[in-house]
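Data first, discussion second: the structure below is written as structure tokens.
The values are calculated or read from the model by the stated rules, or taken from the named source; none is laboratory data. The structure presented is a predicted model; accordingly, all values stated were derived computationally and were not measured. Here the Cβ positions follow ideal geometry from the backbone for every residue, glycine too, while neighbour counts run over all protein chains shown.
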Amino acid sequence: MVKRNAFTLIELLVVISIIALLMSLLMPALGKVKQQARAVVCMSNLRQLALCASMYVTENRSAWAGVYGFATPEQSNQNWLNALRKYYNPTGKGGDKVSLCPEATKPVSVVGRTPRAAWSGWDDAGGRYSEYDSTSYAFNDWLCNPPDTGSRNVAGRDAKRFWRNFDMADAAEVPVFIDAVHISVTPTRFDSPPRYSSLSVPMTGLSWNSDTMKMACIERHMMDFVQAVQVDQSVKRIGLKQLWDCKWHKNYDLSAPKPNFEVEAPWMMELRDW
């Protein structure tokens with residue numbers, strides 16, 4: 001009887017089919033593991049930025065800089081990237097790794113305002129932004145300490161809502177940095193949610209001083225949550241519908257009604273309640 005020393009064609013095809021089947025089963029799991037790993041890196045970035053912000057306010061009597069978009073180029077130059085660059089990158093150049101979520105590294109100018117986009121700064125006559133400004137995180141501008149001019153409004157925002165320092169009893173409930181498609185946000189309980197999922201339709205018509213919750217209501221991490229670091233430096237995963245439950249500003253009223261998601265943003269009804 002002749003001994004076989006090789007596989008038959010049918011046997012090879014069976015083995016290949018089994019391998020292909022196993023790969024098809026494993027690939028989604030591997031993709032989820034990679035996504036979870038990127039979320040962990042994002043959490044690390046947020047913690048580092050919160051630590052940098054803590055060092056900044058320690059050196060500035062617990063107070064943050066002026067507010068984004070306020071009055072003069074010198075004051076506007078104190079956007080958080082410029083204010084913190086010397087802490088996370090003493091050379092003053094680059095340092096994008098800590099300011100970019102691994103899920104969002106493509107410039108807004110290339111992919112539009114989608115969950116995968118990073119805000120990119122620009123240079124202008126006032127020198128407000130550096131060419132190195134690029135981030136996928138927004139600073140909660142209600143933490144700012146703008147000059148007290150006696151006005152009710154500061155850059156279109158209610159002056160009474162600013163925390164003005166990091167000294168507060170609600171430190172665990174107040175976000176400092178959060179996943180977003182802009183450099184800063186000033187959310188209110190009455191902000192409208194995005195009408196459509198930003199995965200299907202890039203956000204347009206956004207304003208930097210109203211309805212800014214939309215900029216953080218993005219499907220970046222596993223589709224239904226974003227990550228934020230609080231004033232007490234704890235990092236949290238926040239479900240998109242729960243963004244309205246954070247205490248964003250000093251007079252934030254958690255008892256006020258939230259948006260009617262079923263009417264204003266039907267796509268959000270399928271998201272988990274965290």
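Numerical summary
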read-out	value
Residue check, residue 169 aliphatic (A, V, I, L, M), in a loop (DSSP other than H, G, I, E, B), modelled with pLDDT of 90 or more and more than 20 Å from residue 274 (Cα to Cα)	yes
Test result for residue 181, touching a strand residue (DSSP E or B) at 6+ places or on another chain (Cβ under 6 Å), β-branched (Val, Ile, Thr) and within 24 Å of residue 107 (Cβ to Cβ)	yes
Residue list for the stretch 159-198, restricted to those being within 20 Å of residue 245 (Cβ to Cβ), surrounded by fewer than 22 Cβ atoms within 10 Å (Cβ to Cβ) and of a type in the set (D, E, K, R)	161, 170, 173, 189, 191
Verdict on residue 238 being buried (at least 18 other Cβ atoms within 10 Å of the Cβ), among the aliphatic types (A, V, I, L, M) and out of contact with any Ser or Thr (no Cβ under 8 Å at 6 or more places or on another chain)	yes
The stretch 146-170 residues that are of a type in the set (S, T, N, Q), paired with ones that are assigned to a loop (DSSP other than H, G, I, E, B) (beta carbon under 6 Å, 6 or more apart)	165/62; 165/63
Residue 134, sole failed condition from (1) closer than 30 Å to residue 251 by Cβ; (2) crowded, with 20+ Cβ neighbours inside 10 Å; (3) modelled with pLDDT under 90; (4) polar (S, T, N, Q)	(1)
Residue list for the stretch 36-53, restricted to those being small (Gly, Ala, Ser) and either surrounded by fewer than 15 Cβ atoms within 10 Å (Cβ to Cβ) or under 15 Å from residue 105 (Cβ atoms) (or both)	37, 39, 44
Matching residues in the stretch 146-188 - criterion: being among the polar types (S, T, N, Q) and under 20 Å from residue 49 (Cα atoms)	165, 184, 186
Count - residues of the stretch 131-158 that are among the acidic types (Asp, Glu), outside any helix (DSSP H, G or I) and either within 16 Å of residue 184 (Cβ to Cβ) or out of contact with any Gly (no Cβ under 8 Å at 6 or more places or on another chain) (or both)	3
Every residue from the stretch 199-235 that is in a loop (DSSP other than H, G, I, E, B) and surrounded by 21 or more Cβ atoms within 10 Å (Cβ to Cβ)	212, 217, 218, 219, 220, 231
Leading residue by the ranking (modelled with the lowest pLDDT) among those in the stretch 172-204 that are hydroxyl-bearing (Ser, Thr, Tyr) and more than 11 Å from the chain's Cα centre (by Cα)	200
Boolean, residue 69 is assigned to a loop (DSSP other than H, G, I, E, B), modelled with pLDDT under 65 and touching a Lys or Arg at 6+ places or on another chain (Cβ under 8 Å)	no
